[in-house]
Amino acid sequence: MEGMKTMSGTSLAIPIETYAARRQRCRVEASARSFAGLIVFSRDPDRAGNGLYLANHRPIAGSHPSMYDQRGRGYCAIIIPVDQDETLLVTSPYYEPDVTMDRVEVDTNLPRGLARILASYGLDSGERWGLVGEEFLPVLLYRDIQTALPFCSFYFADDVLWSMRTIKDEMEQQILRDAAKIADAGAATAMRAYRAGRTEQDVVNDIDSTLRSLGATNTSLTCQSGVYRSGEPLIRPFASDRILELGDMAQLEIRGSYRGYGFDICRSAVIGPPNDTQRHMFETVDRMLDAIIAKAAPGVRAEELQHEIDEIAHVEGFDGYQSMHFGGPSTYCGHGLGVSNDEPPVLFTGDRTILRPGMYITPEPGLYRHPEGGLRLEDDILITPEGCENLNSSQRWWWSED
C-alpha cells in the first residue's frame, strides 16, 4: 500500500495519509480559535507522544541543561500554520528517516529556529499562536521563545491534541488488540519464570525475551518481590538481584510498544500456596479490576471508576492500603494509553472526563504497604459503544508450586 511507506521506503503501521489528516485537523482547531496555527512540542524520552502522533518522530537526543548557544536539545516542534505547509523543527541533525513530513529544519537553538520558520511564513508579527506542550515546556524555553518572537502572542492549547489522541480509530484499535496479545504472552512467560531460587532480574529477562521475539519494543518491566519491594507502588531498581523465596509476593509489570502503540498490564504472584491474608488480598484486587471493567462505558466519568474500587477496599478492610483518600499510597487506579504509556484520562477523583467509544484505558487497582507486601492487577480495555472490551485474557494472579 503506497500510503504505508515514508519517503525513505520504511513501512509504517499507520498510513502517511492518516498523519496528514491529523495535522489538517489541527489546522481546523487552530482556525476555530483564531490562531495563526499550532506549535506542537515533544520531549525525549517521556513526552514524545505528540511528535509520534503527528509526524512519526521522536526527538533523538536526550534533554540536558540549555547552555551556550544551544536551547531545547531533546525537544522538537511541529509548526502547523492554518493555511500553509507544516514544518518539523528538530534540534539535532540525527533524526529518524521515517518521519511523515516533507519539510524538516534543524537548529540547535529551538527558539531561534522557531523565529526563523515563522518569519519564512510571514507569521511572526502580531499573530496569535496556539502552543501544545504546557505540562513539560520549561520556563527557560518558553521565555526564550517569547524573546525570539516578541510581536507574537501565545496561548496554550494542549486540549487540542489530547482530544484527538484519546479516541483511537479502527486501525489503531487493531494494533492495540495485537499489542495486548503480546502482553498476554509475556504474562504466560511470567507464570513459568517466577520460581524460588531465581532472581527478579532472571524473571524480567525471560519476559523481555518473549516480548521482543513477538515484535515488541521499548519494553519496561518490573519484578518487585518480598514484603518491602512488592509493597511499593513503584520502586527502583525495577528488577534486582534479590533471590526469590517461599512466600514472596510480587508485582510483575509488563509494558512496551508494538507498532508504535503501548501495552501495559500487571500480574501478581506468590511463591508457594498463599496464606489466608494473601489470598484475601489477591481476590479483593481481582474483584476491584472486574468492577472497573463492569462499570467502564460511554457516559461514565473517569473518576467514577476510582470510586467503584474505593468502596470495595473499604468493605474488605483495606482502607489504609489503597487510595490516598483513605490514607493509602495509591495516587490513581489507572490511566489512558496510546502512543505514550501514560495519557489522559486519569482514573482518579477529580478527573471528570466522560468516557467515549474509542478510548483506550488501563485500570490498575492494587493494595500496597501491607504487612504481607503488595500487589497490582492491570488489564488494557477499549471503550466501545456498548460498554468496554477487555483486550487481555491471561491469568491475572497465581502461585507457584515451589
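Here are some notes:
- Test: residue in segment 139-159 that is in the same structural domain as E253 (by TED's automatic domain parsing), hydroxyl-bearing (S, T, Y) and over 24 Å from A48 (Cβ atoms): no
- Note on segment 192-227: residues that are assigned to a helix (DSSP H, G or I) and farther than 18 Å from S240 by Cα amount to 5.
- Search result, residues across segment 366-379 that are crowded, with 24+ Cβ neighbours inside 10 Å and among the charged types (D, E, K, R): R376, E378, D379
- Which listed residue is surrounded by 20 or more Cβ atoms within 10 Å (Cβ to Cβ), of a type outside the set (A, V, I, L, M, F, W, C), in the same structural domain as L88 (by TED's automatic domain parsing) and farther than 27 Å from S125 by Cα, from P45, P59: P59
- Pairs, first under 15 Å from A297 (Cβ atoms) in segment 379-402, second at pLDDT 95 or above and of a type in the set (D, E, K, R), C-beta under 6 Å, six or more apart: L382/E389; N390/D379
Here's the yes/no breakdown for (1) more than 22 Å from M191 (Cβ to Cβ); (2) of a type outside the set (D, E); (3) modelled with pLDDT of 95 or more; (4) not assigned by TED's automatic domain parsing to the domain that holds S394:
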site: S225; (1), (2), (3), (4): no, yes, yes, no
site: E245; (1), (2), (3), (4): no, no, yes, no
site: R255; (1), (2), (3), (4): no, yes, yes, no
site: P274; (1), (2), (3), (4): no, yes, yes, no
site: F282; (1), (2), (3), (4): no, yes, yes, no
site: D286; (1), (2), (3), (4): no, no, yes, no
site: A297; (1), (2), (3), (4): yes, yes, yes, no
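- Count of segment 83-98 residues, restricted to those that are crowded, with 18+ Cβ neighbours inside 10 Å and in a loop (DSSP other than H, G, I, E, B), is 3.
- Set side by side, the residues M164, M101 differ, and just one is part of a helix (DSSP H, G or I), of a type outside the set (V, I, T) and in contact (Cβ under 8 Å) with a residue 40 or more places away in the chain, which is M164.
- Segment 47-67, subset among the polar types (S, T, N, Q) and more than 19 Å from A13 (Cβ to Cβ), residue modelled with the highest pLDDT: S66
- Annotation: of all residues in segment 313-352 being aliphatic (A, V, I, L, M) and either at pLDDT below 85 or closer than 18 Å to R301 by Cβ (or both), the one that is surrounded by the most Cβ atoms within 10 Å (Cβ to Cβ) is L347.
- All positions within segment 43-53 that are over 14 Å from E96 (Cβ atoms) and not in a loop (DSSP other than H, G, I, E, B): R43, R47, G49, N50, Y53
- Of all residues in segment 66-80 being of a type in the set (S, T, Y) and more than 20 Å from the chain's Cα centre (by Cα), the one that is farthest from R47 (Cα to Cα): Y68
- Positions within segment 110-137 being more than 16 Å from P150 (Cβ to Cβ) and either among the basic types (K, R) or part of a strand (DSSP E or B) (or both), in sequence order: G130, V132
- Only one of the listed residues (R255, R242) is under 21 Å from D178 (Cβ atoms) and touching an Asp or Glu at 6+ places or on another chain (Cβ under 9 Å). That residue is R255.
The values are calculated or read from the model by the stated rules, or taken from the named source; none is laboratory data. Small disclaimer: the values here were computed from a predicted structure and weren't measured. Note that we place each Cβ from the backbone using ideal geometry, even for glycine, and neighbour counts take in every protein chain shown.
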